[in-house]
Amino acid sequence: MLYHAYEMTHAAISPMRAAARMSKDMIQNPLNPLAETYGSRTVSAALEMFINATRRYAKPEFELESTLVDGIETPIREEIVWSKPFCNLLHFCRDSAAAERRNDPKVLIVAPMSGHFATLLRGTVEAMLPEHDVYVTDWVDARDVPISDGDFDLDDYTDYLIEMVEALSENGERVSVMAVCQPGVPAIAAASLMAAENNPARPAALILMGSPIDTAKNPKQPNELAQARPLSWFENNVVVLVPWPNRAFTRRVYPGFLQLSSFLAMNMNRHVDAHVDQFNNLVRGDGDSSEAHQRFYDEYMAVMDLTAEFYLQTIDRVFQKRLLANGAYMYRNTLVEPSKITDIAIMTIEGEKDDITGLGQTEAAHTITPNLPDELRSHYVAKGVGHYGVFNGSRWRKLIQPEVRDFIRNNRQPKEG
């Protein structure tokens with residue numbers, strides 16, 4: 001009933017939101033002689049805040065139209081090159097002779113499936129485009145996948161990664177995989193399984209960024225919350241059925257609006273201050289600051305549902321039992337053995353001030369891969385950087401991305417023949 005109540009509340013507020021939008025347009029109309037008075041600007045700002053607080057945020061677009069390749073403005077063409085019910089693989093095709101001449105390494109960026117859309121990695125993709133052939137996992141909102149398409153759990157996630165890596169390696173070159181946050185665990189599982197089978201398409205390099213490989217290391221608030229209650233509590237209290245008329249009617253999900261509530265609660269004071277500043281910016285007419293705020297929250301407030309089986313397995317396997325770190329992680333009926341990894345270079349990246357994935361949690365990937373030579377390892381701690389700063393922002397662009405670029409190039413596996 002929780003999801004139904006959320007939908008009914010959203011529907012009930014719709015007339016008020018429409019009235020607020022109409023009132024705001026009337027107040028701001030250039031023909032209104034009082035439009036620029038302090039009182040009108042204040043009322044207009046209040047109405048704008050109400051509209052944004054109650055509207056549904058649609059899935060954002062990447063909107064990456066071009067990049068610079070060797071100083072040449074190169075158009076970007078976004079295309080789907082692989083597709084399954086729960087994920088589309090996006091290719092950011094650089095359409096210029098300069099890009100073709102470079103023959104840059106392929107990189108599969110695995111976006112987190114943890115509530116936000118893949119567009120959260122827009123800055124990650126943008127920084128990689130000038131020197132890499134970039135592919136990104138675009139996970140599908142579970143509320144949009146009909147129940148007839150079946151379930152989706154951590155093992156299915158691993159299957160998807162293996163299939164995508166194999167698809168990108170068809171020309172004989174082993175690709176590099178960047179797993180941002182949550183996908184670090186299934187990415188290592190996929191790499192381990194491919195290594196155990198001596199799969200010729202196994203990744204050349206695996207870059208793990210702020211990933212919860214061993215959540216016992218320096219646990220943060222999300223780790224503590226996952227440990228505070230039994231798995232049954234999560235199943236009984238936060239897993240709900242998708243209501244009609246959504247395409248996934250009756251699918252069991254962990255809804256995005258609950259995940260968003262958790263995100264907001266972690267830094268509530270910061271979000272309250274940001275919205276107070278936004279109100280003041282609207283009253284003052286500070287368009288640039290207001291636009292920057294809205295652009296951030298258009299992304300932050302756009303959330304997706306996760307399948308119940310994927311969410312509950314993540315809580316159980318990753319956060320509560322720490323199966324990968326304990327050497328007991330099972331992929332279907334097969335034990336995942338990271339010790340089988342001997343020629344997949346591994347780079348781990350952590351933020352010094354990460355309040356989601358504590359220091360040491362990602363670095364643990366090196367502990368569970370004892371047979372990997374030291375020359376194929378790298379660990380980087382970004383000073384003064386929080387969780388999102390590991391893959392977005394100025395320090396990502398100036399400090400972290402160059403390290404990732406060099407690691408990928410130093411461990412690139414050339415095409416056979």
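Below 9 angstrom from the Cβ of Ala364, what's the summed charge of the other residues (Lys, Arg +1; Asp, Glu -1)? Computed value for this residue: -1. Where both bridge residues fall in the chain, DSSP classifies roughly 50% of the beta bridges as antiparallel.
For Thr348, the amide hydrogen comes within under 5 Å of the amide hydrogens of Leu208, Ser378, His379, Tyr380, counting only partners 5 or more places away or on other chains and with H modelled in the peptide plane. Sorting 117-130, 85-98, 369-382 by their mean Cβ neighbour count within 10 Å, with the most densely packed peptide first, gives 117-130, 85-98, 369-382. In sequence order, region 220-234 has phi-based couplings of 10, 4, x, 5, 5, 5, 5, 8, 6, 9, x, 4, 4, 4, 5 Hz under the Karplus curve 6.51 cos²θ - 1.76 cosθ + 1.60, θ = phi - 60°, and Gly or Pro positions carry x. Between Ala111 and Thr137, the built amide H atoms are under 5 Å apart, and every one of these is 5 or more places off in sequence or on another chain. Taking a sphere under 14 Å around the Cβ of Leu193 and counting the other residues whose Cβ falls inside, with K and R at +1 and D and E at -1, yields a net charge of -4.
Descending by average beta-carbon neighbour count within 10 Å, the peptides 212-221, 325-334 line up as 212-221, 325-334, the highest first.
Of Trp82, Trp139, the sequence from fewest to most neighbouring Cβ atoms within 10 angstrom is Trp82, Trp139. Per-residue packing, averaged as other Cβ atoms within 10 Å, sorts the ranges 34-42, 223-231, 306-314 into the order 306-314, 223-231, 34-42, beginning with the highest. Calculate how steeply helix 268-284 sits against the longest principal axis of the alpha-carbon atoms of the chain, using the helix alpha-carbon long axis, and give the answer as 0 to 90 degrees to the nearest 10. Its long axis makes an angle of about 50 degrees.
From helices alone, the chain scores -12000 deg cm²/dmol at 222 nm; the rule is -39500 (n - 2.57) for each run of n ≥ 4 DSSP H residues, then divide by the residue total.
Axis angle, to the nearest 10 degrees, between helix 154-168 and the longest C-alpha principal axis of the chain: 70 degrees. Under 5 Å between amide hydrogens, built in the peptide plane, is the criterion, and for Gly358 it picks out Lys220 among residues at least 5 positions away or on other chains.
3J(HN,Hα) along region 127-137: 6, 7, 4, x, 10, 9, 8, 9, 10, 9, 6 Hz, from the Karplus curve 6.51 cos²θ - 1.76 cosθ + 1.60 with θ = phi - 60°, whole Hz, x for Gly and Pro.
The Kirkwood radius of the chain, taken over pairs of alpha-carbon atoms, gives through the Stokes-Einstein law at 4 °C and 1.567 mPa s a diffusion coefficient of 56 µm² s⁻¹. Distance from the alpha carbon centroid of region 94-110 to that of region 341-374 works out to 27 angstrom.
Rounded, prolate or oblate: which one fits region 200-253, using the alpha carbon gyration tensor with axes a ≥ b ≥ c (rounded when a/c is under 1.5, else prolate when a/b beats b/c, else oblate)? Oblate shape, in that a/c is at least 1.5 and b/c is the bigger or equal ratio. Hey, which of these cross-link pairs are over 18 Å Cα-Cα: Lys84/Lys106; Lys220/Lys353; Lys59/Lys398; Lys353/Lys383? The answer is Lys84/Lys106; Lys59/Lys398. Relative to the longest principal axis of the Cα atoms of the chain, helix 401-410 runs at roughly 20 degrees.
Quick note: the coordinates plus some simple rules give every number you see, no bench work behind them. Worth saying up front: this structure is predicted, and the values here are computed from it rather than measured. No Cβ is skipped: glycine too gets one built from the backbone with ideal geometry, and neighbour counts run over all protein chains shown.
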